[in-house]
1. Which distance in Å, rounded to a whole number, links the C-alpha centroids of the stretch 252-283 and the stretch 35-71?
2. Taking the Cβ-Cβ separation of H286 and Y62 as r and a Förster radius of 25 Å, what is the calculated FRET efficiency to the nearest 0.05?
3. Measure out, as a whole number of angstrom, how far apart the alpha-carbon centroids of the stretch 285-339 and the stretch 195-251 sit.
4. Could you work out the helix-only [θ] at 222 nm for the chain, with each DSSP H run of four or more residues adding -39,500 (n - 2.57) and the total divided by the number of residues, to the nearest 500 deg cm²/dmol?
5. Any idea how far apart E22 and I267 come out in nm if each label point goes 7 Å out from Cα toward Cβ?
6. Could you run the Karplus curve 6.51 cos²θ - 1.76 cosθ + 1.60 with θ = phi - 60° over the stretch 33-48 and give me ³J(HN,Hα) per residue in whole Hz, x for Gly and Pro?
7. Would you be so kind as to identify all helices of the chain, as entire DSSP H runs, whose Cα atoms reach 24 Å or more along the helix's own axis and whose mean Kyte-Doolittle hydropathy is at least 0.5?
8. Show me, for the stretch 155-163, the HN-Hα J-couplings you get by feeding each phi into the Karplus relation (A = 6.51, B = -1.76, C = 1.60, θ = phi - 60°), rounded to Hz, glycine and proline as x.
Amino acid sequence: MTRTTRIVSLNRYLPTGRVEPEHFTIRTKELPDLTDGEMLLRPIAFSVDATLRGQLTGQDNYFAPQVPLGEAVTGIAVSEVVESRHPDHQPGDRVVGLVEWADLSVWPPRTDWIGLTKLDPRVRKPSHALGVYGLLGGLTAHTGIIEAGQVTAGETVAVSAAAGNVGSLAGQIARIRGARVIGLAGSEQKRKILTEDLGFDAAVDYRAPDLAEQLRALAPDGPDLYFDSVGGRVSQTVMGLMRRPARVVVCGLISTYDDDTAWTVNIKPLFANGLTLQGYTPVQFHDALPAALDHLVDWVETGQLIPLETERHGLEALPGAISGLYRGENIGKMVVTVP
Ligand SMILES: NC(=O)c1ccc[n+]([C@@H]2O[C@H](COP(=O)([O-])OP(=O)(O)OC[C@H]3O[C@@H](n4cnc5c(N)ncnc54)[C@H](OP(=O)(O)O)[C@@H]3O)[C@@H](O)[C@H]2O)c1
């Protein structure tokens with residue numbers, strides 16, 4: 001009997017411009033029979049990641065492959081094994097890895113740039129494997145603050161996209177390290193959560209016309225470290241206010257993703273403020289990842305680190321969730337769960 005699944009596919013490439021829900025279609029496709037080494041997975045929690053933007057441009061200049069038009073988008077998810085012809089995984093196992101945005105997905109997907117792992121038994125809520133314990137979540141925040149940022153007690157750290165997935169964790173980790181933390185976030189509700197729930201020392205509106213004055217008042221000597229996920233005008237402003245010498249750790253450039261020409265960096269602050277500018281990915285710090293995960297688990301279990309999530313439900317929620325991420329609709333990790 002032929003089996004089918006619903007998939008979320010991409011209608012057209014977006015070299016520039018905003019991602020909208022209508023750029024995706026939900027359609028049905030046939031599932032092939034499994035061959036040796038393959039599994040049939042049922043995703044139960046999809047990770048909605050800003051990094052997907054680079055896979056929707058149709059330009060082959062990104063670290064991850066472009067999504068073929070009309071075919072399923074792929075992303076990281078926690079899944080249950082339904083059927084297995086893989087020696088290491090049995091039906092009922094829970095695994096974390098790349099799958100198609102589908103009700104049922106054959107693993108491996110057409111290209112696998114992540115690899116598959118069993119769900120760590122310490123993970124109490126499956127979606128935490130994508131957020132606070134995820135490679136593109138807590139592990140990115142941990143390695144960014146501790147390995148790349150080398151944050152020490154008493155330093156002042158500014159964090160952009162501070163109420164997002166990586167930013168909310170990076171700010172809290174800097175605070176755990178004894179730093180004073182200033183978050184940049186786009187709404188009053190987000191800023192309140194940062195200071196009242198997550199222990200940030202201050203939070204500012206990055207769209208405020210007097211952003212520079214507000215930051216100067218909060219840190220007259222300037223931040224020692226800027227943990228940046230947004231780039232563009234905001235980051236140019238922060239870099240101009242930093243202590244000399246200081247560090248900028250570039251995690252992402254989300255404000256530029258819809259327009260590649262959106263930011264030509266003015267490097268004057270690098271010279272004037274003696275800045276070290278470092279881009280990174282967590283994979284670069286591969287040997288540090290097991291200990292980083294242990295720290296994250298310990299901090300969550302002891303209540304020192306609060307994982308925030310924005311949870312939407314059902315496969316059909318994925319197009320709205322990804323476009324909402326770029327509009328700031330999420331607080332903490334954006335996930336789509338399937339009952
Ligand atoms: N280096 C790595 O290996 C790595 C790994 C994971 C993620 N990243 C990058 O890290 C960044 C954050 O990813 P995430 O998954 O944690 O997403 P996220 O921060 O949870 O969500 C994105 C947030 O960015 C803010 N934002 C959106 N457009 C913006 C703009 N034009 N200017 C300023 N802020 C804007 C929004 O918050 P507001 O409401 O505050 O605007 C939104 O909630 C992304 O750039 C992503 O590509 C890098």
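1. Answer, in whole Å: 26.
2. Working: r = 21 Å, r/R0 = 0.84.
E(calc), rounded to 0.05, equals 0.75.
3. 23 Å
4. On the way: 8 runs with 68 residues, N = 339.
Here the helix-only value at 222 nm equals -5500 deg cm²/dmol.
5. The two pseudo-label positions are separated by 4.3 nm.
6. 5, 6, 10, 4, x, 9, 9, 9, 10, 10, x, 10, 8, 9, 7, 9
7. Numbers: long enough: none.
What comes out of the filter, once short or polar helices are dropped, is none.
8. Values per residue, Gly and Pro as x: 6, 9, 10, 9, 10, 8, 6, 6, 9 Hz.
The values are calculated or read from the model by the stated rules, or taken from the named source; none is laboratory data. Just so we're clear, the structure is a prediction, and the values are computed from it rather than from any experiment. We place every Cβ from the backbone using ideal geometry, glycine too, and count neighbours over all the protein chains shown. All accessible areas refer to the heavy atoms of the entire protein, side chains included, with ligands and DNA or RNA removed. Shrake-Rupley method; radii C 1.70, N 1.55, O 1.52, S 1.80 Å.
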